[in-house]
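The values are calculated or read from the model by the stated rules, or taken from the named source; none is laboratory data. All values derive from a computational prediction rather than experimental measurement. Using ideal geometry, Cβ is built from the backbone for each residue, glycine included, and neighbour counts are taken over all protein chains shown.
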Amino acid sequence: MNLILFSGKRETYRLSRGDHRFNHIKAILRSSPGDVVRVGVVNGPTGRARVTTIEREEILLEATWSDEPGSAARASGPPVTVILGHPRPPVLKRLWRDLASLGVASIRVFSGELGERSYLTSSAWNDPGQWLREGLSQGGHTALPRLDRFSGLAEAIRAESCDEREEPARFFGCLSGAGTLSIRGMVERIPAAPSVHLCIGPERGLTEREEALLRAARFFPVTLGPHILRTEVAAILLAGNACGAFVPA
């Protein structure tokens, strides 16, 4: 946890025993009164907080919020949308965390034709914000991704076309084949685009029909190599490279 995250901006915070932030400050950071920790507000500023009191049942913090150049940028991530075929719920939780850590702007989860339909109503969806916020804390920024779920890829693509005012660069992951771009080729195309949309299929892959839908919607195929990757590996590989392309050299 590289950022102690809060839902609202205040000057003082009281953390009670049992709160994961209490446990992190006391057991992991081993902070003492007078120590300073990094803090942030979801979709808001970052700053620093001085530990004023550490007792058995509570910790008190006094926050100072930053107006330094770049602090606003930490509240907005790179304009990358991930359209993700629904994996098994434990995998999805990890991906929510890791994609949020990377700073993607939006995550759209769809039920693939080869996927398990019941995943869309699994208990993972009871509190996805828990995993997204954990990713923000790890990534040290405050930009919470937008999260949506769709019954199929066609619906996710239609939603994608409704949200964009300018044409994004669009890519989907696939095995090696004729006409595919390399990861380097994808990254070279990104600087000319206002935003990027990436599609990664579910654990059993995309069907021919789904690939045809993507090509018709002007998604370019990007090879992830000759080997079959797990969904979470493919998603992080594509999203990490896309997010990195927006970082100034």
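Of the numbered criteria (1) in contact with a strand residue (DSSP E or B) (Cβ under 6 Å, 6 or more places away or on another chain); (2) surrounded by fewer than 18 Cβ atoms within 10 Å (Cβ to Cβ); (3) not hydrophobic (A, V, I, L, M, F, W, C), the one THR46 fails is (2). Somewhere in region 108-126, is a residue among the acidic types (Asp, Glu), without any contact (Cβ under 8 Å) to a residue 24 or more places away in the chain and surrounded by fewer than 19 Cβ atoms within 10 Å (Cβ to Cβ)? For region 108-126, residues among the acidic types (Asp, Glu), without any contact (Cβ under 8 Å) to a residue 24 or more places away in the chain and surrounded by fewer than 19 Cβ atoms within 10 Å (Cβ to Cβ): absent. Identify the residue in region 217-231 that is surrounded by fewer than 19 Cβ atoms within 10 Å (Cβ to Cβ) and within 26 Å of ARG97 (Cβ to Cβ) and, among all such residues, is modelled with the highest pLDDT. Only one residue fits best here, namely ARG230. The helices (runs of 4 or more DSSP H) located wholly in region 90-207 that include 2 or more residues which are modelled with pLDDT of 95 or more occupy 128-139, 153-163. The set of residues in region 195-239 being over 17 Å from GLY85 (Cβ atoms) and touching a helix residue (DSSP H, G or I) at 6+ places or on another chain (Cβ under 6 Å) consists of VAL196 alone.
Whether a residue is surrounded by 13 or more Cβ atoms within 10 Å (Cβ to Cβ), in contact with a strand residue (DSSP E or B) (Cβ under 7 Å, 6 or more places away or on another chain) and either among the small types (Gly, Ala, Ser) or touching a residue at least 24 places away in the same chain (Cβ under 8 Å) (or both) was assessed, and VAL91 does not pass this test.
Spot the failing condition for VAL39; the list is (1) surrounded by fewer than 18 Cβ atoms within 10 Å (Cβ to Cβ); (2) of a type in the set (Val, Ile, Thr); (3) not assigned by TED's automatic domain parsing to the domain that holds LEU238, and only one is missed. The number of the failed condition is (1). Within region 70-81, one or more residues are at pLDDT 95 or above, buried (at least 20 other Cβ atoms within 10 Å of the Cβ), outside any helix (DSSP H, G or I) and assigned by TED's automatic domain parsing to the domain that holds ARG170.
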